[in-house]
Amino acid sequence: MKAMSELSPKTIIKKYLVQAKIMQLATVRNGQPWICSLHFASDDDSNIYWITKPTTRHSQDIEANAHVAIAIAVKTDRPLIGIQVEGTAEELTDAAVLGPAMERYIEHHGTDKAFVDTIVAGTNEHKLYAFHPRRFSLFDQVNFSDQPSQEWVIDSK
């Protein structure tokens, strides 16, 4: 384990995003919240990607309100580790972005490339969605035992 002086919430969060595979996505529309579990992959900028149908409730909610939250349970037995994130989500349609994001998804989950190719080609009813984080809240009793609540706010460009 690294010395405490070498740890930063950003470094630890990026590591956990690469390791984890399931997230909970929280959306809201017309004041009514919804949450669902999804497989995901992340990129080097900590954007999060998932595949789903645009007809699902969470996709319809995103279309109406792009502001969403994500929770990732990294370690559920003591000592606990979890990540909560706020940001915005969107359906991706640009092929230049779709291709690299889908490659990450394939690598992370071992997804069938033929299935993914149909999404990129637009011939599959599933679509790729992206989440752009604004603020991460980390609760990590392993690496930050004295102060497990940590934050990483993404610099706006």
Return one number: the angle in degrees, 0 to 90 and rounded to the nearest 10, between the long axis of the Cα atoms of helix 9-19 and the longest principal axis of the Cα atoms of the chain.
50
Tell me the GluC sites (Glu not before Pro) within region 91-157 that lie in a loop according to DSSP and have at most 14 other beta-carbon atoms within 10 Å.
E125
Point-to-point label distance, V18-V97, nm (Cα→Cβ direction, 7 Å offset):
2.4
Let me spell out the model: positive unit charges on the Cβ of Lys and Arg, negative unit charges on the Cβ of Asp and Glu, origin at the Cα centre of region 1-96. What dipole size does that give, in debye rounded to 20?
500
I need W50, W34, W152 ordered by Cβ neighbour count within 10 Å, fewest first.
W34, W152, W50
Could you work out how far helix 95-109 tilts from the main Cα principal axis of the chain, as a 0 to 90 degree angle to the nearest 10?
60
Apply 1/(1 + (r/R0)^6) to the Cβ-Cβ distance of L7 and A71, taking R0 = 22 Å, and write down the FRET efficiency to the nearest 0.05.
0.55
If unit charges are put on Cβ atoms (+1 for Lys and Arg, -1 for Asp and Glu) and the dipole of the chain is taken about its Cα centre, the option from A73, Q60, L17 lying farthest towards the positive end turns out to be A73
Label zone at R134, where the point sits 7 Å out along the Cα-to-Cβ direction: region 51-92 residues whose backbone N lies under 16 Å:
62-71, 84-90
Too long for a 26 Å Cα-Cα cut-off, among K10/K53; K75/K113; K15/K53; K10/K75, are K10/K53; K75/K113; K15/K53
Quickly estimate the mean residue ellipticity at 222 nm for the chain, helices only: each DSSP H run with n ≥ 4 gives -39500 (n - 2.57), and the total goes over all residues, rounded to 500.
-8000 deg cm²/dmol
Length gain on complete extension for the stretch S149 to Q84, per 0.36 nm per residue less the alpha carbon to alpha carbon distance?
22.3 nm
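FYI, it's all coordinate maths here, none of it is from the lab. Computed from a predicted model, the values in this text were never measured in an experiment. Here the Cβ is made from the backbone with ideal geometry for all residues, glycine too, and neighbour counts use every protein chain on show.
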